[in-house]
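The values are calculated or read from the model by the stated rules, or taken from the named source; none is laboratory data. Values in this document were obtained by computation on a predicted structure and should not be read as measured data. Note that each Cβ is placed from the backbone with ideal geometry, even for glycine, and that neighbours are counted across all protein chains shown. Please note that ligands, DNA and RNA were not included when accessible areas were found on the heavy atoms of the full protein model with its side chains. Shrake-Rupley method; radii C 1.70, N 1.55, O 1.52, S 1.80 Å.
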Amino acid sequence: MNAILPILEDTRHKVTVDEVMELVRAGFFEDAGRIELIEGVIVEMAAEGSRHGEMKMRLGDAIYDCLDKSSHRRFIDTTLILAPDQAPSPDIFVCREGVPLAELKADDVSLIIEVADTSLQKDRDGKGVIYAKYGIPEYWIADIEHDTVLVFKCPKDGLYTESETFDFSEMLSCQTLPNLSLRIADLNV
């Protein structure tokens, strides 16, 4: 059965961000906020559980509180266009202030965070590779199933060269955002 997948891979029509936006405007998707464009393929995001949603919002608020608002801003559940065929919707990302969202480039992004419950492998092995490929300097995965945070740094040749795992009870600091320091356990999620 799996022998057919390589054949289908070659016949798929890859799409661009512009083509997806045309489909969204035409009402093709029931919930356009639940899709991402990964490697030219439209991917439906899994429904998020209540702990996932709570973690995302509390973590986003904690990050916002730590930021120097004159130089950085944070987005939650916002599409980040990295290339014409690459438009993930990270749970949280932090970028330079002053650059309009439509003009953001990967170089403007300081940190991306995904909250993982059932999506750990996809977030680590799929999105992690994409974020490293585009040079996102720091990538965190808050793994709510194991109460840990995987921290990836120093992208080189499409891979992160440094990684660490922290318990929610440990203090996290972001090397790209010196004011950002927090303990996930303090978020009471």
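Taking R0 as 25 Å, what FRET efficiency do you get between SER70 and CYS154 from their Cβ-Cβ distance, rounded to the nearest 0.05?
0.40
Find the accessible area per residue for the stretch 12-151; the probe is 1.4 Å, ligands and nucleic acids are left out, and the unit is Å².
Heavy-atom SASA per residue in the stretch 12-151 reads 48 Å².
Where does each of 148-158, 113-123 land if you order them by average Cβ count within 10 Å, highest first?
Working: 148-158: 17.0, 113-123: 19.5.
So the order, starting with the most tightly packed, is 113-123, 148-158.
Taking R0 as 25 Å, what FRET efficiency do you get between LYS14 and GLU103 from their Cβ-Cβ distance, rounded to the nearest 0.05?
In this case the efficiency is close to 0.55.
How much of the accessible area of the chain, probe 1.4 Å, is carbon plus sulfur, in whole percent?
52
Name the residue farthest towards the positive end of the dipole of the chain from the options PHE75, VAL129, SER169, assuming +1 on Cβ of Lys and Arg, -1 on Cβ of Asp and Glu, about the Cα centre.
Checking the options against the dipole of the chain, the answer is PHE75.
Any idea how far the Cα center of the stretch 84-137 sits from the one of the stretch 40-80, in Å?
Distance between centres, Cα-based: 10 Å.
Report, in debye and to the nearest 20, how large the dipole of the chain comes out about its Cα centre when Lys and Arg carry +1 and Asp and Glu carry -1 on their Cβ.
Computed about the Cα centre, the dipole is about 320 debye.
Which lysines does LYS69 reach when only Cα atoms under 17 Å apart count, and residues fewer than 8 places away in its own chain are ignored?
none
Show me the ranking of peptides 98-107, 132-141 by mean Cβ neighbours inside 10 Å, starting with the highest.
Highest-to-lowest ranking by the protection proxy: 132-141, 98-107.
Could you tell me the calculated FRET efficiency between ARG183 and PHE29, based on Cβ-Cβ distance and R0 = 25 angstrom, to the nearest 0.05? Could you put the intermediate results ahead of the total?
On the way: r = 38 Å, r/R0 = 1.52.
Efficiency for this residue pair is about 0.10.
Full-extension gain between ILE38 and GLU54, please, as 0.36 nm times their residue separation minus the C-alpha to C-alpha distance.
Taking 0.36 nm per residue and subtracting the Cα distance, the gain is 3.2 nm.
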